[in-house]
Amino acid sequence: MDLTARAPGRVNLIGEHTDYNAGLCLPVAIPAATVARVTRRDGRASRITSAQQPEPWEGTPADAAPGAVRGWAAYAAGVLWALEQAGWEVPALDIALGTDVPLGAGLSSSASLEAVVAVAVAGALDLPLDAERRRELVAACRRAETEVVGAPTGGLDQTAVLLAEEGRALLLDFETGSVEPVDVDPRAAGLELLVVDTRVSHELTDGGYGTRREQCEEAARLLHHPSLRPATLEEVERLDDDVLRRRARHVVTENERVLATVEALAADDWPRVGTLLTASHVSLRDDFEVSCAELDLVVTTALEAGALGARMTGGGFGGSAIALVPAERAEACRRAVDAAFVAAGHRAPGHLDGTPSAGAGLTP
Ligand code: ADP
Ligand code: MG
């Protein structure tokens, strides 16, 4: 047995900070991916190496139980543990992986790593990757990240990476758990979806993410709703506290923007999609306050360079931004962003292609 597994990174087109508010989002898989060469091994222990890390990991699934592994190997080996927990007979494998998804850039290198290991095991066991199996792999990858790594995740990343299809986004509804494919083909409309990795991470010491979550929960509580999902804009505007009002306003309007984006895509109305992306950014910047100078600079520069729309994507405080740009202006847009970063004294950003791509799988 000798096989190659592949799992992409992802960007969220729109629907930010909505997952933990029982809301909506619209991620796509991107061409950048983690690739693993997989062979069988004698004995019971698997061995996982990464081109991105000096230390390999070696052990049985039980050796990757929560608390037993630290660092990058927890993401990879944690999947072996989670699959064994789900009743799989995980064979001993040699997994040699490498990625062109930048680590920690908000493009989900972590879910990409988890998914490539999950697909490798399924492939080694000759299990077909049908929809049901893919959902099982999503659950195992989520368990690895939540329980073994210890980073609670709502499942957006793992779902996107494992269920995505070429030329499509996934409309995820965190209230019902539904996943619906939505056609998204910017190239056919003469557009490119650019991804800019700012290469900065302004982790807030007071935990910006945790604070936002608490504020959303508090706003929902004041409105007597189980989450912000059923809240209306009218209700939200009546909240006394200025900060809570703005946080809740972002969530409510962002859910509306996700639905409006799905409609605009169905109507092939790309200028409207662009307008919605930019409105999402403004809301994240002003109401939710999770942007930063570098992300704002990508957005304003891309718009000046002819983008139909642009926004930060992911949790914020750094990470990546996306821009929807006419193909003939894509290169000029990338160069304008580079020049703006030099002028502002920022470190050079990274550029990736955001073309909606296939989810994880085996490669022939
Ligand atoms: P993101 O998922 O946005 O890239 P995370 O902080 O969730 O950022 O995950 C990044 C971590 O995932 C890295 O610090 C590393 O531990 C692990 N990781 C991701 N890809 C790889 C890889 N190819 N090899 C080894 N570790 C990886
Ligand atoms: Mg991650």
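Results, tabulated for the structure shown:
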item: Helices (runs of 4 or more DSSP H) lying entirely in the range 266-360 (those with 3 or more residues that are small (Gly, Ala, Ser)); result: 270-282, 330-344
item: Any chance residue 14 is more than 16 Å from ligand 1 (Cβ to nearest atom), surrounded by 24 or more Cβ atoms within 10 Å (Cβ to Cβ) and within 20 Å of residue 181 (Cα to Cα); result: yes
item: Flag if residue 171 is more than 16 Å from ligand 1 (Cβ to nearest atom), modelled with pLDDT of 95 or more and farther than 22 Å from residue 35 by Cβ; result: yes
item: Filtered residue count, the range 64-106, keeping only those that are over 17 Å from residue 149 (Cβ atoms) and within 16 Å of ligand 2 (Cβ to nearest atom); result: 3
item: Positions within the range 74-97 being within 8 Å of ligand 1 (Cβ to nearest atom) and either open to solvent by less than 20 Å² (accessible area, probe 1.4 Å) or on the phi > 0 side of the Ramachandran plot (or both), in sequence order; result: 74, 76, 97
item: Residue that is open to solvent by less than 10 Å² (accessible area, probe 1.4 Å) and farther than 30 Å from residue 343 by Cβ, where the choices are 251, 262; result: 251
item: Candidate set: the range 1-11, residues that are touching a residue at least 60 places away in the same chain (Cβ under 8 Å) and open to solvent by 10 Å² or more (accessible area, probe 1.4 Å); chosen: the one farthest from residue 173 (Cα to Cα); result: 1
item: Filter result for residue 32 (open to solvent by less than 20 Å² (accessible area, probe 1.4 Å), within 11 Å of ligand 1 (Cβ to nearest atom) and closer than 30 Å to residue 255 by Cβ); result: yes
item: Residue under evaluation residue 60, criteria (1) open to solvent by less than 40 Å² (accessible area, probe 1.4 Å); (2) in contact (Cβ under 8 Å) with a residue 40 or more places away in the chain, criterion not met; result: (2)
item: Qualifying residues in the range 39-57 (those that are within 19 Å of residue 112 (Cβ to Cβ) and hydrophobic (A, V, I, L, M, F, W, C)) - the one least open to solvent (accessible area, probe 1.4 Å); result: 48
item: Count - residues of the range 63-73 that are open to solvent by less than 60 Å² (accessible area, probe 1.4 Å) and among the small types (Gly, Ala, Ser); result: 4
item: Long-range neighbours under 8 Å by Cβ, at least six apart or interchain, first residue modelled with pLDDT of 95 or more and more than 13 Å from ligand 1 (Cβ to nearest atom) within the range 143-159, second part of a loop (DSSP other than H, G, I, E, B) and open to solvent by 50 Å² or more (accessible area, probe 1.4 Å); result: 147/66
item: Meets criteria (part of a loop (DSSP other than H, G, I, E, B), within 16 Å of ligand 2 (Cβ to nearest atom), touching a residue at least 12 places away in the same chain (Cβ under 8 Å) and open to solvent by less than 10 Å² (accessible area, probe 1.4 Å)) for residue 116; result: no
item: Residue among 278, 300 that alone is at pLDDT 95 or above, surrounded by fewer than 17 Cβ atoms within 10 Å (Cβ to Cβ), under 26 Å from residue 187 (Cβ atoms) and of a type outside the set (D, E, K, R); result: 300
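The values are calculated or read from the model by the stated rules, or taken from the named source; none is laboratory data. Every value quoted in this text rests on a predicted model; they were computed, and no experiment measured them. Cβ atoms come from the backbone with ideal geometry, glycine included; neighbour counts cover every protein chain shown. In case anyone asks, the SASA skips ligands and DNA or RNA and just uses the protein heavy atoms, side chains included. Shrake-Rupley method; radii C 1.70, N 1.55, O 1.52, S 1.80 Å.
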